[in-house]
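A short write-up of the structure that comes next.
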Amino acid sequence: MSDESKPVIQMTPINIIGTTPEQLPKPGASTLKGRALQLKQSDTLGQTLNEELGVSNASFGPGVGIPVVRGLTGSRVRILQNGIGTHDATSLSPDHALAIDTLFAHDIKILRGPETVRYGGNAIGGIIDVSDGRIPERRAKKTVSGTVESRYNTNGSGTHSAFTLNTGKDRFALNLGGFFRDRNDIRIPGKAIDETFAAEQLGLTEINNASGKIPNTDNKAIGGFTGLSWFGDQVMAGMSVSHTDNRYGVPRGSHGLDPNHLEGLETILPRLDDLTGFEDIFGPQALFPSIRINMQQTRYDFKSEWYEPVQGIDSISFRYGLVDYGHTELEGGLPFTRFKNDTGEGRMEMHHSLLRNLSGSFGVQWIDRKFSALGVETFVPKTNQLSIGVYTTQTYTLNNWSLQGGLRFEHSQVNPKANELSLRGSALSPVALPDSLDFQAVSASLGLQWNPRQDFTATLTYNHGVRPPDIQELFSFGPHLSTRSLDVGNVRLNNETANMVDLGFEWQTERISMRFNGYYSRTSDFIYQRNTGLVYEVDNEVIRQRCVSVVECVSILAYDQRNAEFIGYESRVDATLYQLPYDDLSLSLSLFSDYVRGRFVNGERDDVPRMPPLRYGAELGLGNRTWSTALRYTRAEAQRHPGINETPTNGYHLLTASADYQFKAGKWGDLWLFAKGYNLLDEEIRNSVSFLRNFAPEPGRSFIFGLRATF
């Protein structure tokens, strides 16, 4: 101050337009990010999340990996990319890959609590949201920054590389990214076909079986994105364009058999040197050659947010994604079937903190989907689907209690562009279709959270989720050779309703943390594929009680509904066994386990098919902020509850190891080196949640080496 008591320095006022207080953990939510995510990133999302509690990987060869959450997948688990659905064809068939590359991921959220009502009936089993920052969400701190990463997998000589480049100035920011993935046939410790299965289920004792590797499991993918954003004082607007091209092979045990290629998984054939004279048995429609899938997806994403437009309103946000998806299934190099899925999904939300202890959101979501399939394997007709939902989620806090609730009203209309479903030949009579089917669904959730101490949290949640039937469940009618079945839909299906109670505890101190969740779900009108016990001869186009020739028959699976129940738990204990007073070096131990059992509650109380087994294990880690090492052991018990007409799987021991080191390069950036070993015991692993467990085991011993540079 001067002698005249006037300011010597005039400072520009700083206006605070919003603050984000520390949030309580959301019930049923977990986030994988940072070093933990980078070490677990793999070629597929399912493999990346396979070590997370309650999550398994539904593989269909190494090119396909779909997450299974508490035994549920497909149309019951929504896979999101930056809050908007992937809208590929994974719910249609287990041999269709996700259009996501995990190396771009900044974090992956797994939601199973009250927040699921924001995403509709297809989130009845949970939500997995992959955030990759392709639309810039804040102004650029540096003129140029980015990452470069490359990995090499000894199993199949696989390479996986990606880069991101971020730039910007003043109110504009630009993000670029690209990836490339290439892998040869995977190697396995034993034989591809489970010969016990071939003998017991198919009656074959002499088969040509591939050993040491699974033919036709190579894959190659390339893609990239660009995103641009503008930032105002209280508003931002951005968009991105991305494209993915993924080409992969499907193990030959799934789509059929080729008499001209007996060196691989055309293995369910007798040992015949010459098939002359057997053409009537091994017809051209039953003995398909190797199957390749060429998948392309182009996405246009838009996002805008208005921060604190008025007091009490934290933000108003808008998101919209326009997805052009298609894939072609080639058999013997020729295109047989073309799948198209053109979808637009939008969401508008308002987040508020109108009262001192009350905060929440109001929103509306809509999805406009146009699906078509043209070609030989057209088992679902061209269909339009429109759904719209309005919802709210609210959180009320008082002292050390928090009450969270959600409510959603949803309307779905399905319009098949066909008058009837018919099958070639006279095997089944045509099925008349209505002009449209309408479904209304009301979902609700409630969660109570108690924090009596800073280090302890107890949660009790209740979810009432309602899911309208999906397109393939309503209108399937024809051979589906990827799963060796003839699928028959059911236009009389009702909404599927799940009521789940989840009790959870979390305790965290300086040196130990514990987490436990136990849950029970009762699902009314659970939609599933019932094995009728009949078979369909693809060559002769007739239905029989048993096959004349096993190789050209597929099982007839009809969509049906029964009440079902699921019970399970997830638990984990992390402890710091020893910590040096310097260098932050610590020795840690983690113990973990998860389990789910699914059964139908009426009739014979038989098992829901393809459930994951009981898993438990331990992980020992040593390291600090610069380097770390870890050794992880997982025991998966035998799955002796596979479901009617399904085969059990044996237990296995899975040993993995990892090591990484981070170099500080000053102002230029950081260099991160890492190595991982997977299935170090080279065990034969038959995945109980996989349709191909009897034809394609999981990869054998693998070593992954990589580096990541940030600048």
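The values are calculated or read from the model by the stated rules, or taken from the named source; none is laboratory data. What you are looking at is a predicted structure, and each value in this text was computed from that prediction instead of being measured. So basically every Cβ, Gly included, is an ideal-geometry build from the backbone, and we count neighbours across all protein chains shown. Remember, those area values only see protein heavy atoms, side chains included, never the ligands or the DNA or RNA. Shrake-Rupley method; radii C 1.70, N 1.55, O 1.52, S 1.80 Å.
Can you name the number of the only condition in (1) free of Cβ contacts under 8 Å to residues at least 24 places away in the same chain; (2) not in a strand (DSSP E or B) that N540 fails?
Here N540 clears every test but (1).
Out of the residues in region 313-351 meeting the condition of being surrounded by fewer than 17 Cβ atoms within 10 Å (Cβ to Cβ) and of a type in the set (A, V, I, L, M, F, W, C), tell me which one is farthest from A97 (Cα to Cα).
The qualifying residue farthest from A97 (Cα to Cα) is I313.
What's the number of the condition R625 fails, among (1) over 21 Å from E570 (Cα atoms); (2) in contact with a strand residue (DSSP E or B) (Cβ under 6 Å, 6 or more places away or on another chain)?
(2)
So how many residues does region 154-184 have that are part of a strand (DSSP E or B) and under 27 Å from the mean Cα position of the chain (by Cα)?
So the count comes out to 17.
Output the residues belonging to region 666-678 that are in contact (Cβ under 8 Å) with a residue 40 or more places away in the chain and farther than 15 Å from Y152 by Cα.
Matches in region 666-678: W668, G669, D670.
Counting only residues that are polar (S, T, N, Q) and free of Cβ contacts under 8 Å to residues at least 24 places away in the same chain, which one in region 27-59 is farthest from W507 (Cα to Cα)?
Filtering first and then ranking leaves Q47.
Have a look at L398, L358, L374, L354 and point out the one that is more than 29 Å from W450 (Cβ to Cβ) and surrounded by fewer than 17 Cβ atoms within 10 Å (Cβ to Cβ).
L374
So that you can scan it fast, the table gives a plain yes or no per residue for (1) open to solvent by less than 20 Å² (accessible area, probe 1.4 Å); (2) assigned to a loop (DSSP other than H, G, I, E, B); (3) among the small types (G, A, S):
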residue: S42; (1), (2), (3): no, yes, yes
residue: G46; (1), (2), (3): yes, no, yes
residue: P67; (1), (2), (3): yes, no, no
residue: L80; (1), (2), (3): yes, no, no
residue: L92; (1), (2), (3): yes, yes, no
residue: D95; (1), (2), (3): yes, yes, no
residue: E115; (1), (2), (3): no, no, no
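If the requirement is being modelled with pLDDT under 85 and over 30 Å from L692 (Cβ atoms), which of these qualifies: D584, D574?
When all the criteria are applied, what remains is D584.
Being aliphatic (A, V, I, L, M), under 20 Å from E115 (Cα atoms) and buried (at least 16 other Cβ atoms within 10 Å of the Cβ) is the filter here, so list the residues in region 490-513 that pass it.
A498, M500
Given the structure, is L692 in contact with a strand residue (DSSP E or B) (Cβ under 6 Å, 6 or more places away or on another chain), under 20 Å from V64 (Cβ atoms) and among the aliphatic types (A, V, I, L, M)?
The answer is no for L692.
Of everything in region 274-310, what is farther than 25 Å from D218 by Cα, at pLDDT 90 or above and polar (S, T, N, Q)? Give them in sequence order.
S304
Based on what the data block shows, is L671 open to solvent by 20 Å² or more (accessible area, probe 1.4 Å), more than 23 Å from G700 (Cα to Cα) and assigned to a strand (DSSP E or B)?
Criteria met by L671.
Filter region 514-554 down to the residues that are crowded, with 17+ Cβ neighbours inside 10 Å, modelled with pLDDT of 85 or more and not polar (S, T, N, Q) and list them by number.
Across region 514-554, the qualifying residues are R515, Y519, D525, F526, I527, Y528.
What number of residues within region 97-113 are touching a helix residue (DSSP H, G or I) at 6+ places or on another chain (Cβ under 6 Å) and in a loop (DSSP other than H, G, I, E, B)?
2
Looking at (1) closer than 21 Å to D438 by Cβ; (2) assigned to a strand (DSSP E or B), which one does Y520 not meet, given that it meets all the others?
That leaves (1) as the condition not met.
Hey, can you tell me all the residues within region 118-156 that are out of contact with any helix residue (DSSP H, G or I) (no Cβ under 8 Å at 6 or more places or on another chain), β-branched (V, I, T) and surrounded by 21 or more Cβ atoms within 10 Å (Cβ to Cβ)?
Listed by number, the list holds a single entry, I135.
I'd like the full set of residues that are within 22 Å of R701 (Cβ to Cβ), open to solvent by 60 Å² or more (accessible area, probe 1.4 Å) and outside any loop (DSSP other than H, G, I, E, B), limited to region 617-664.
If the condition is that a residue be within 22 Å of R701 (Cβ to Cβ), open to solvent by 60 Å² or more (accessible area, probe 1.4 Å) and outside any loop (DSSP other than H, G, I, E, B), then L620, L631, Y633, H653 are the ones that fit.
Among all residue pairs at least 6 apart or on different chains, which show Cβ distances below 7 Å where the first residue, located in region 695-711, is in contact (Cβ under 8 Å) with a residue 24 or more places away in the chain and surrounded by fewer than 18 Cβ atoms within 10 Å (Cβ to Cβ) and the second is aromatic (F, W, Y) and assigned to a strand (DSSP E or B)?
F705/Y152; L707/W672
Looking at region 162-174, can you tell me whether even one residue there is touching a Gly at 6+ places or on another chain (Cβ under 7 Å), surrounded by fewer than 20 Cβ atoms within 10 Å (Cβ to Cβ) and among the aromatic types (F, W, Y)?
yes
Listed here are the residues, each with its yes/no results for (1) of a type in the set (D, E, K, R); (2) modelled with pLDDT of 90 or more; (3) within 19 Å of D301 (Cβ to Cβ).
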| site | (1), (2), (3) |
| --- | --- |
| G71 | no, yes, no |
| I110 | no, yes, no |
| P114 | no, no, no |
| D129 | yes, yes, yes |
| T147 | no, yes, no |
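Filter region 600-616 down to the residues that are charged (D, E, K, R) and either at pLDDT below 95 or open to solvent by 70 Å² or more (accessible area, probe 1.4 Å) (or both) and list them by number.
Within region 600-616, E604, R605, D606, D607, R610 meet the criteria.
Check whether at least one residue in region 400-414 is under 30 Å from Y536 (Cα atoms) and touching a residue at least 40 places away in the same chain (Cβ under 8 Å), and report yes or no.
yes
Being loosely packed, with under 10 Cβ neighbours inside 10 Å, on the phi > 0 side of the Ramachandran plot and either at pLDDT below 60 or in a loop (DSSP other than H, G, I, E, B) (or both), is that true of even one residue in region 10-26?
No, the conditions are met nowhere in region 10-26.
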